[in-house]
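The values are calculated or read from the model by the stated rules, or taken from the named source; none is laboratory data. Only a predicted model underlies this, so the values are computations on that prediction, with no experimental measurement involved. With ideal geometry, Cβ positions are generated from the backbone for all residues, glycine too; neighbour counts draw on all protein chains shown.
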Amino acid sequence: MHSPLLTALFPRLVVTVAAVLVAACGPSPEELARQEAIKRLEQAAKEMEAAGKKAEAAAAKGDVGAAMGEAMKVLGGLAGAAGGGTYQPVDFRKLKEALPPELGGFEKGESSGEKNNAFGIAVSQAKQSFRTADGSKRVRLEITDPGSLTGAFALANVWLNVEIDKETDAGYERTTTVGGRRTHEKWNKQDRRGELQVVVGNRFMVEVHGVGVDMAELKALLGRVDVQRLEALKGEGRVAP
């Protein structure tokens, strides 16, 4: 069955894996400890490439289900390659409790949560949106628990430790530090649209998206997420390897 949540999550994981493999090419101070993990990731990358070709062929025939199936099978294998066991996702209702119930100067908008299980991969997500009375400012906060993909998703920490610093006439993209955590931020100054992403507890992806706000406001909003609550949940649902 097609899952919108998993479809949205898949590109993030592909980018994460690609960045991890690039970072792994350089010398490591813990080479002996990481050697086997790097080999598993390299093998997973080869399998992903092969599955990508199968998915492309299936998509060309209009078989979206088969294309997604190939992609998800590889991600499932990648989770195993990353090690550390797998997890059942935290109930999205618990994730919602870590989101701010109200924001000064904003009206509360749509609140949603969902859990999806497709192709043997289970994830959960909670969202909360806010907007000003005149609609000039809109923000959305999200928490995603990759569940059975936690082992692979935790590698985003490596991605966040890769230095990114790009600027164009339209805006910028960079890695920075907010509240002691490495954070990925993007900003489009033409329409004052931005986003922040940070991994909490090597498991949860916390995101803040905003329109009509500046980056300082987005960083303040990120600080409103109850990361301590998420840290306390990071081991929940673990299935031993």
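Among the candidates 143, 121, single out the residue that is buried (at least 17 other Cβ atoms within 10 Å of the Cβ), farther than 16 Å from residue 217 by Cα, in the same structural domain as residue 211 (by TED's automatic domain parsing) and at pLDDT below 95.
Details: 143 fails: at pLDDT below 95.
Just one listed residue meets the conditions, 121.
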Practice task
Just name the residue that is nearest to residue 233 (Cα to Cα) out of those in segment 59-93 that are modelled with pLDDT of 65 or more and buried (at least 19 other Cβ atoms within 10 Å of the Cβ).
Solution key: 90
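Are any residues in segment 208-230 surrounded by 19 or more Cβ atoms within 10 Å (Cβ to Cβ) and touching a residue at least 40 places away in the same chain (Cβ under 8 Å), and if so, which ones?
First, pick out the residues of segment 208-230 that are surrounded by 19 or more Cβ atoms within 10 Å (Cβ to Cβ): 208-210, 213, 215, 218, 221-222, 225, 227, 230.
Across segment 208-230, the qualifying residues are 208, 209, 210, 213, 218, 221, 222, 225, 227, 230.
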Practice task
Return yes when residue 171 is under 22 Å from residue 97 (Cβ atoms), over 17 Å from the mean Cα position of the chain (by Cα) and not aliphatic (A, V, I, L, M) and no when it is not.
Solution key: no
Completion exercise
Counting only residues that are at pLDDT below 90 and either under 17 Å from residue 141 (Cβ atoms) or touching a Phe, Trp or Tyr at 6+ places or on another chain (Cβ under 6 Å) (or both), segment 206-241 contains a total of 2
Practice task
Spot the failing condition for residue 153; the list is (1) in contact with a Pro (Cβ under 9 Å, 6 or more places away or on another chain); (2) modelled with pLDDT of 90 or more, and only one is missed.
Solution key: (2)
Practice task
Output the number of residues of segment 177-191 satisfying the condition of being crowded, with 17+ Cβ neighbours inside 10 Å and over 18 Å from residue 230 (Cβ atoms).
Solution key: 3
